[in-house]
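Notes for the one structure printed next.
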Amino acid sequence: IDVVQDYKQLKTSMKFTTALKLSFNNLKTKLGRTLITAIAGSIGIIGVALVLAISNGFSNEIGKLETETLSTLPITVTEIPFTFQSGPPTGVNDNASNETTLFDPVYDSDSVSHYNVFTEEYLTYLDNIDSSLVSSIQYNYGVAMLMIYNDNGVLKNSFTEDVTFSELSNNDAYLNGQFNLVAGSLPTNEFGVVIIVDVLNEIDSKVLEFLGFDPSQDISFNEVIGKEIVVANSDDITYGVSGGKITQSVDQTSYDNGIVLNVTGVLKAKNDGLETTTQGIFFHDNLEIAYIENNLDSTICTEFAGRDRTDLSPDEINALNIQMHQSGCSELPMLISIYPESFAEKDEVLAYLDAFNEGKIEADQVLYTDLAATISGIMGSIITNISAVLVAFAAISLVVSSIMIGIITYVSVLERTKEIGILRSLGARKRDISSVFNAESIIIGFIAGMIGIVTTFILSIPINIVLANVLEGFGDIAILRIDHALYLITISVILTFIAGLIPSRIAAKKDPVEALRHNE
């Protein structure tokens, strides 16, 4: 009687390790079908892994481009900040309407969301930046100078000859990164200019004609060294109108009173740089300052200073400001270029610029453009969007392979019906039966994931060789990250587990007696 009272029915259960062992032994007996199923299931993993590997490789190349090539680009501050807008242009709200019969004039300034106002406070703030963070700061005043060349007694001017002069960067790292000095030397003060040719030694024939050469003849780089060019002051230029267009003319007095410049060297754009097509005549950045000092008291600057702006429209005020800058009548810059000492210091420079805007209303803030980040951001955005589309297409094959694995698992259920009956008769619960087939799905998913990752690493070798030949200057493009590989293996296991849930439920619900009679 005591024995009967102490009797307790024990609940039977199967360890998951046992379920894994049973599933593994079953898969081993059908090794061929298991491998074929796993290989089929790995196709989706391979597709997604290759897309992620190539996307990661391109992202690495963009990072290298930003640190090695784009790092020399300056942070720019202009009167109208440049902003990149992606997507289609914004239109008028569908519900907006104007029922009047009156014109509503729109000014160019209305389309500008923000104007930077350069004040003495801001310029002083830039001057006080830690010198260890920046290699140089360059101010461009937007001066349109008239250049004169004395060609054996014939005075040619850049306006008539349609020759444009540009400001040379004052940053040595940028110049060394973009150009090679092929003749002479760089200018050391405001009285020097350089000629820049593109990667093919090409230059506008008008530049050579302006300097007194015959473009049809062979002209060596050294022949331009020492050529003398004069900058005419505002009061020494005669303005007129011809054919409805403004003309500018000079005489000997203009030439004698001007600022004398000399061509000191020739620069050639580098093949792997950002300035491969740059060409023309470039002057030292201090020339604009010297020109402004000479012309602040000129007649035209006096007229600008005394002009009443009360009745001017926003566009007219903007046009007047541009004219003042072009005539050398403004000591405030139009463009500021800030060159960080290196890529590592750029974030600190940006933080310093952001600190100026703290606590200020939007109208008083000065916004900047990080051109390097803008370019790499655009490229990165394109690669991310393309990768997302490709991953979506590759993921379709993942779903298809998961469905196929579900079907294979169901076939396995049918084949192992008698085994299910035996397990149930030995005390296995419904959940134990489900565990057996879930374990089988997990094993297949793991094997499929591993095959997919290993195959991806193997395929990356020929892909990198082909892309290296097609994309000059690029290194290894297909580089699968280890964390991405682990994620994909996990996803493969999860998807096959989900695909096997329904067949495992079917197996669990089978009647033990009927299962034992199967195939009798």
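The values are calculated or read from the model by the stated rules, or taken from the named source; none is laboratory data. Model, not experiment: these values are computed from the prediction. Every residue, glycine among them, receives a Cβ derived from its backbone with ideal geometry; neighbour counts consider all protein chains shown. Ligands, DNA and RNA are stripped out before the accessible areas are found, and what is left, the full protein with its side chains, is counted by its heavy atoms. Shrake-Rupley method; radii C 1.70, N 1.55, O 1.52, S 1.80 Å.
Structure notes:
- Tally of residues being open to solvent by less than 60 Å² (accessible area, probe 1.4 Å) and touching a residue at least 40 places away in the same chain (Cβ under 8 Å) across segment 190-209: 11
- Residues that are open to solvent by 20 Å² or more (accessible area, probe 1.4 Å), in contact with a Phe, Trp or Tyr (Cβ under 9 Å, 6 or more places away or on another chain) and not in a loop (DSSP other than H, G, I, E, B), drawn from segment 124-135: Y125, S135
- Within segment 115-142, residues that are over 20 Å from N286 (Cα atoms) reach partners that are open to solvent by 70 Å² or more (accessible area, probe 1.4 Å) with beta carbons closer than 8 Å, at six or more positions or on different chains, in the pairs Y115/I80; N116/I80; V117/D364; D130/E348; S132/E341; L133/E341; L133/E348.
- Any chance S166 is assigned to a strand (DSSP E or B) and either over 30 Å from S249 (Cβ atoms) or open to solvent by 30 Å² or more (accessible area, probe 1.4 Å) (or both): yes
- Each residue in segment 180-189 was checked for being assigned to a loop (DSSP other than H, G, I, E, B) and open to solvent by less than 50 Å² (accessible area, probe 1.4 Å), and 1 of them qualify.
- Residues being open to solvent by less than 20 Å² (accessible area, probe 1.4 Å) and modelled with pLDDT under 95 are represented in segment 150-159 by at least one member.
- Of residues in segment 305-350 being open to solvent by 40 Å² or more (accessible area, probe 1.4 Å) and small (G, A, S), the one farthest from Y141 (Cα to Cα): A344
- Screening G328 with (1) touching a residue at least 40 places away in the same chain (Cβ under 8 Å); (2) part of a helix (DSSP H, G or I) gives one miss only, at (2).
- If you go through segment 264-276 and pick out every residue that is modelled with pLDDT of 95 or more and of a type in the set (A, V, I, L, M), you end up with 2.
- Of the residues making up segment 234-245, just one is hydrophobic (A, V, I, L, M, F, W, C) and either surrounded by 11 or more Cβ atoms within 10 Å (Cβ to Cβ) or over 47 Å from the mean Cα position of the chain (by Cα) (or both), namely I237.
- Single unsatisfied condition, P215 versus (1) outside any strand (DSSP E or B); (2) surrounded by 14 or more Cβ atoms within 10 Å (Cβ to Cβ); (3) in contact with a Leu (Cβ under 6 Å, 6 or more places away or on another chain); (4) not hydroxyl-bearing (S, T, Y): (2)
- Some residue of segment 369-378 being in contact (Cβ under 8 Å) with a residue 12 or more places away in the chain and among the charged types (D, E, K, R): yes
- Scanning segment 246-300 for residues that are part of a strand (DSSP E or B), polar (S, T, N, Q) and surrounded by fewer than 18 Cβ atoms within 10 Å (Cβ to Cβ) yields a count of 4.
- Looking only at residues in segment 351-368 that are assigned to a helix (DSSP H, G or I) and aromatic (F, W, Y), the one that is least open to solvent (accessible area, probe 1.4 Å) is F356.
- Residue within segment 410-418 that is out of contact with any strand residue (DSSP E or B) (no Cβ under 9 Å at 6 or more places or on another chain), crowded, with 18+ Cβ neighbours inside 10 Å, at pLDDT below 85 and not in a helix (DSSP H, G or I) present: yes
Every residue, every condition in (1) at pLDDT below 90; (2) closer than 28 Å to S376 by Cα, yes or no:
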site: T278; (1), (2): no, yes
site: S298; (1), (2): no, no
site: G306; (1), (2): yes, no
site: T310; (1), (2): yes, no
site: E316; (1), (2): yes, no
site: I336; (1), (2): no, yes
site: S342; (1), (2): yes, yes
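- Contact annotation: residue pairs with Cβ atoms under 8 Å, 6 or more positions apart or on different chains, pairing a residue in segment 35-49 that is within 12 Å of T455 (Cα to Cα) with a partner that is not in a helix (DSSP H, G or I), are A49/L480.
- Test: residue in segment 95-115 that is at pLDDT below 70, farther than 28 Å from P314 by Cα and part of a loop (DSSP other than H, G, I, E, B): yes
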